[in-house]
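The values are calculated or read from the model by the stated rules, or taken from the named source; none is laboratory data. What you see is a predicted model; the values in this text were computed from it and never measured. Virtual Cβ from ideal backbone geometry, glycine too; neighbours counted across all protein chains shown. For accessibility, only protein heavy atoms count, side chains too; no ligands or nucleic acids. Shrake-Rupley method; radii C 1.70, N 1.55, O 1.52, S 1.80 Å.
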Amino acid sequence: MKPLVFTYLVRVNFDEGIEYVTLARGALSGMADGVSLATGHTSDDQATVLFDADILDWGVQAPVKSFGIPDYPNDYYASRTEPGTFSLNIELKLTSGNIVTLDYDVTDQVACHPQGGVIEIYGVKVEENSGHKPSDSGFDVGVNTWGEWEDIILDM
């Protein structure tokens with residue numbers, strides 16, 4: 001037996017402002033969306049893996065479960081020059097209520113660890129009023145302004 005699901009430990013290290021972070025979540029894109037149980041070969045199709053992160057005194061961290069990179073293992077991975085693109089998106093909610101979105105290209109880090117490993121980001125700085133206020137969706141779910149009721153009888 002060999003493992004088919006792997007863990008990527010995502011670590012975002014803060015230089016300043018971790019005290020303002022109240023919630024953290026993220027997305028790791030470009031990962032394999034399936035795996036063959038018989039061979040352990042991952043599919044060519046890509047998926048985005050969503051995760052919640054823990055807030056620690058030095059930054060945020062999350063263990064992210066994944067099948068690994070697409071189309072692995074194969075005969076040419078070691079000589080492959082472009083394994084695909086892998087992106088890390090981190091969304092932080094601050095004490096001010098603002099949302100900060102951080103985007104990183106983590107292709108080099110994931111390509112070195114096709115079946116789990118550590119992905120680290122360094123030097124993040126946020127201020128209490130960084131980011132933007134979450135906006136309303138613009139869709140009013142109420143029915144107050146829809147007008148008068150009208151009964152419609154359906155013949156069955």
Query raised in the report: Taking Val118 and the conditions (1) surrounded by fewer than 10 Cβ atoms within 10 Å (Cβ to Cβ); (2) over 23 Å from Tyr20 (Cα atoms); (3) at pLDDT 90 or above, which numbered condition does it fall short on, given that it satisfies the others?
Result: (1)
Query - Within the stretch 6-22, tally of residues that are within 22 Å of Val106 (Cα to Cα) and either of a type in the set (A, V, I, L, M, F, W, C) or open to solvent by 60 Å² or more (accessible area, probe 1.4 Å) (or both) - result: 9
Query raised in the report: Within the set of pairs 6 or more residues apart or between chains, which connect a residue that is touching a residue at least 40 places away in the same chain (Cβ under 8 Å) and farther than 17 Å from Ser43 by Cα inside the stretch 1-13 to a residue that is open to solvent by less than 30 Å² (accessible area, probe 1.4 Å) and in a loop (DSSP other than H, G, I, E, B) with Cβ atoms less than 8 Å apart?
Result: Thr7/Gly116; Tyr8/Gly116; Val10/Ala53; Val12/Ala53
Query raised in the report: Restricting the stretch 41-55 to residues that are in contact (Cβ under 8 Å) with a residue 24 or more places away in the chain and open to solvent by 40 Å² or more (accessible area, probe 1.4 Å), which is farthest from Leu23 (Cα to Cα)?
Result: His41
Report summary line: Listed by first then second residue, the pairs whose first member lies in the stretch 92-116 and is at positive phi, whose partner is part of a loop (DSSP other than H, G, I, E, B), with beta carbons under 7 Å and at least 6 positions apart or on separate chains, are Gly97/Lys133; Gly116/Gly68
**Report entry** Count of the stretch 39-69 residues which are touching a Leu at 6+ places or on another chain (Cβ under 9 Å) and more than 19 Å from Ser87 (Cβ to Cβ)
**Finding:** 2
